[in-house]
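Colleague: Take a look at the following structure, please.
All of the numbers you see were taken from the coordinates with simple rules; none came from a lab. Please read all numbers here as calculations on a predicted model, not as lab measurements. Don't worry about glycine lacking a Cβ; one is built from the backbone with ideal geometry, like all the others, and counts go over all protein chains shown.
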Amino acid sequence: MKSFKDECGVVGVWNHQHASRMTYLSLYAIQHRGQESTGIVTLEDSTQRIHKGPGLVSEVFNDEILDSLKGLAAIGHVRYATTGANQMANFQPLQANLSNGPVAVAHNGNIVNAGPVRERLKSEGSIFQGTNDTEVILHLIAKHPSKDLVECVKSALSQLEGAFSLTILSHKAMIAARDPMGFRPLVLGKLQDPDGRESFVVASETCAFDLIGAKFLREIEPGEIWWVDGDGEHSVKFGSNQPRKACVFEHVYFARPDSIVFGQSVYEVRKRAGQLLAREDAKEGKIQFDVVIPVPDSGVPSALGYSVESGRPFELGIIRNHYIGRTFIQPHQSIRDIGVKIKLNPQEAVLRDKRVVVLDDSLVRGTTSKKIISLIRAAGAKEVHLRIAAPPTIGPCYYGVDTPEKSQLIASRQTIEEIGKFVGADSLRYLSIDGLMSAVKGEQGGFCAACFDGKYPTGLHGLDLIPKGNVRGL
Ligand code: AMP
């Protein structure tokens, strides 16, 4: 049903008796960030072991594989490609044997100058195996003459522009690093293993810590390289000082609602967005309605907020089937019209003869909303007012979110009134950009909202050097 996909998620575990299992569980918790492939690299003494493959965490790993991934340290990755085709060479973590020993890298985000860096490296003799942007990191690390891996990482990362939250494993350290603008989240936590070892964990989202019982310590800071080795933990800054540009879309859609992202509960931000939207609605001439319903699951917190603010009841007017897996067999052409209904079924018991406000987190192409609204009407609703808990999506993302190209973003070519007509709503309202910024408490800037305001915080030169078709959104 959804024609575009999530980005990626990374994990790292250091000094834990069950490092591979902790990594596996953490990847399970962040599976929503990527379902295309997954992998784990472990470190035992100075030997690395790797297992990766296409599919979900539950499909790629089993007991036997996890038992074979021995060692007290591990990094892991779940991927949905924003750059690079879906082939083994692009699955992460990427691993190579360098003069400094084995190095494995797991990356979330998108490096906007990967194209020119890659061309330069190729002209200097580097050989690339995949078509992804992450491989340039390994090559830049490999080329640096220092014996000190952190020095090599520092030099490599200073040459990159764009979004990267990374976990890196060497033969004697685990490294976590975040680009100087801090587009993607990355958090640090601590736990004790069954033998009483003090373990460090790193993950894209705090929901991974909840699952493995780790204590959240702090975010890895934008422009920080943090590492842990036999001498304990260390940290160093790299790159120039740049304004913080956390991705606001993590709060709007990507992150799990039970995560704390950029210091804020995602659930609370989404609920506040719904409240603020109801307030903006009320200011501009109140609509009369009987019930507030979410598009499950993404619209649930904002619908709750809208209901609280408007004083109208929240109901589950659409029931979601949770068992639509990736292996779902498309029905025969003649019954394709079932479409959205396979996943989302509006219930007549809630909707018959009602004036309905329906909340969703974002509207991108508009095709999903159109289908949902027609189903809500078919279930007997008298009026359907669509409310979107984010501003109109007008631009593609170049920092790791898989959005369609600009021409396919309905708000880049139609007015709100026209979009309302297209989706068949009696009225349509989006949350304002100011509303979204107060929902994330981002008044002082600090967020990248390029998909909503078109202000890209980095240069975008060189994106055309990435092999065609490998960057969605172009
Ligand atoms: P559309 O039919 O293109 O307007 O789809 C809008 C729906 O897609 C909303 O329900 C969002 O929750 C969801 N959505 C928004 N961004 C993404 C994304 N990058 N990947 C997958 N789903 C998304």
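Colleague: Report Rg(Cα)/(2.2 N^0.38 Å) for the stretch 269-442, keeping two decimals.
Modeller: Numbers: Rg = 16.0 Å, N = 174, 2.2 N^0.38 = 15.6 Å.
Relative to the 2.2 N^0.38 Å estimate, the stretch 269-442 comes out at 1.02.
Colleague: Volume per residue, Å³, of the convex hull around the alpha-carbon atoms of the stretch 99-149?
Modeller: On the way: hull volume 4.7 nm³, N = 51.
So the per-residue Cα hull volume is 92 Å³.
Colleague: So how do 283-291, 102-110 stack up, highest first, on mean other-Cβ count within 10 Å?
Modeller: Working: 283-291: 12.2, 102-110: 27.0.
Those peptides, ordered most packed to least, come out 102-110, 283-291.
Colleague: Another question, then. Could you work out Rg/(2.2 N^0.38 Å) for the stretch 6-96, with Rg from alpha carbons only?
Modeller: Numbers: Rg = 12.0 Å, N = 91, 2.2 N^0.38 = 12.2 Å.
Output field value: 0.98.
Colleague: What fraction of the DSSP beta bridges in the chain is antiparallel, stated in percent and rounded to the nearest 5? Provide the component values of the computation, followed by the final result.
Modeller: Working: 69 of 86 bridges.
Taking every DSSP beta bridge with both residues in the chain, the antiparallel ones total about 80 percent.
Colleague: Here's a follow-up. Output the pairs from Lys245/Lys341; Lys245/Lys421; Lys283/Lys441 with a Cα-Cα distance over 29 Å in this structure; if there are none, say none.
Modeller: Lys245/Lys341; Lys245/Lys421
Colleague: Work out the FRET efficiency for Arg352 and Gln31 from their Cβ-Cβ distance, taking R0 = 60 Å, and round it to the nearest 0.05. Don't jump to the answer; show the numbers that get you there.
Modeller: On the way: r = 37 Å, r/R0 = 0.61.
Efficiency computed from Cβ-Cβ geometry: 0.95.
Colleague: Output the relative contact order of the stretch 269-442, whole-number percent, from Cα pairs under 8 angstrom with separation of 6+ residues.
Modeller: Working: 324 pairs, mean separation 41.3, N = 174.
Contact order relative to length: 24 percent.
Colleague: Just check the stretch 149-266 against the gyration tensor rule for me: Cα atoms, a ≥ b ≥ c as the square roots of the eigenvalues, rounded for a/c under 1.5, and otherwise prolate or oblate depending on whether a/b exceeds b/c.
Modeller: Working: a/c = 2.38, a/b = 1.03, b/c = 2.31.
Cα axes put the stretch 149-266 in the oblate bin.
Colleague: Explain nothing, just the number: relative contact order of the chain, from Cα pairs under 8 Å at least 6 residues apart, as a whole percent.
Modeller: Details: 1136 pairs, mean separation 69.9, N = 474.
15 percent.
Colleague: So how do Asp133, Asp231, Asp258 line up by other beta-carbon neighbours within 10 Å, fewest first? Don't jump to the answer; show the numbers that get you there.
Modeller: Numbers: Asp133 30, Asp231 8, Asp258 14.
Lowest count first: Asp231, Asp258, Asp133.
Colleague: How much length would be gained if the chain were fully extended between Ser99 and Asp210, taking 0.36 nm per residue of separation minus their Cα-Cα distance, in nm to one decimal?
Modeller: Values: separation 111, 0.36 × 111 = 39.96 nm, distance 3.76 nm.
Between Ser99 and Asp210, full extension yields 36.2 nm more.
Colleague: Pull up the DSSP beta bridges for the stretch 9-245 and report the antiparallel fraction as a percent, rounded to 5.
Modeller: Values: 62 of 62 bridges.
Percent antiparallel among DSSP bridges in the stretch 9-245 is about 100.
Colleague: Dividing the convex hull volume of the alpha carbon atoms of the stretch 9-245 by its residue count, what do you get in Å³ per residue? Intermediate values should be presented prior to the final figure.
Modeller: Values: hull volume 26.2 nm³, N = 237.
Taking the convex hull of the Cα positions in the stretch 9-245, it is 111 Å³ per residue.
Colleague: Additional query: Mind sorting Ser26, Ser432 by how few other Cβ atoms lie within 10 Å of their own Cβ, fewest first?
Modeller: Values: Ser26 30, Ser432 15.
In increasing order of surrounding Cβ atoms, one gets Ser432, Ser26.
Colleague: Using a basic spin-label model with each label point 7 Å from the Cα along Cα→Cβ, how many nm lie between Phe422 and Glu405?
Modeller: 1.6
Colleague: When only C-alpha pairs under 8 Å and at least 6 residues apart count, what is the relative contact order of the stretch 94-148, in percent? Mind showing how you got there, number by number?
Modeller: Values: 35 pairs, mean separation 21.9, N = 55.
This gives 40 percent for the stretch 94-148.
Colleague: Okay, moving on. So for the chain, Kirkwood radius off the Cα pairs, Stokes-Einstein at 20 °C and 1.002 mPa s: how many µm² s⁻¹? List each step's numbers first, then the result.
Modeller: Working: Rh = 23.1 Å.
It comes out at roughly 93 µm²/s.
Colleague: Using the per-residue mean of other Cβ atoms lying within 10 Å as a proxy for protection, in what order, highest first, do the peptides 118-127, 237-246 fall?
Modeller: Details: 118-127: 12.9, 237-246: 16.1.
Result, highest mean first: 237-246, 118-127.
Colleague: Using 0.36 nm per residue, how much length does the chain from Lys341 to Gln159 gain when fully extended, once their Cα-Cα distance is taken away? Each step should come with its number before you reach the end.
Modeller: Numbers: separation 182, 0.36 × 182 = 65.52 nm, distance 4.78 nm.
Net length gain for the segment: 60.7 nm.
Colleague: Next up: Under a straight-distance cross-link criterion of Cα-Cα below 28 Å, which lysines are reachable from Lys147, leaving out those fewer than 8 residues away in the same chain?
Modeller: Within reach: Lys70, Lys122, Lys172, Lys237.
Colleague: Under Stokes-Einstein, with the Kirkwood radius over Cα pairs standing in for Rh, what whole-number D in µm²/s applies to the stretch 46-125 at 37 °C and 0.692 mPa s?
Modeller: Working: Rh = 14.8 Å.
Estimated via Stokes-Einstein, D reaches 223 µm²/s.
Colleague: Another question, if that's okay. Using only the alpha carbons of the stretch 409-457, determine the length spanned along each of the three principal axes and report them from longest to shortest in whole angstroms.
Modeller: 36, 21, 10
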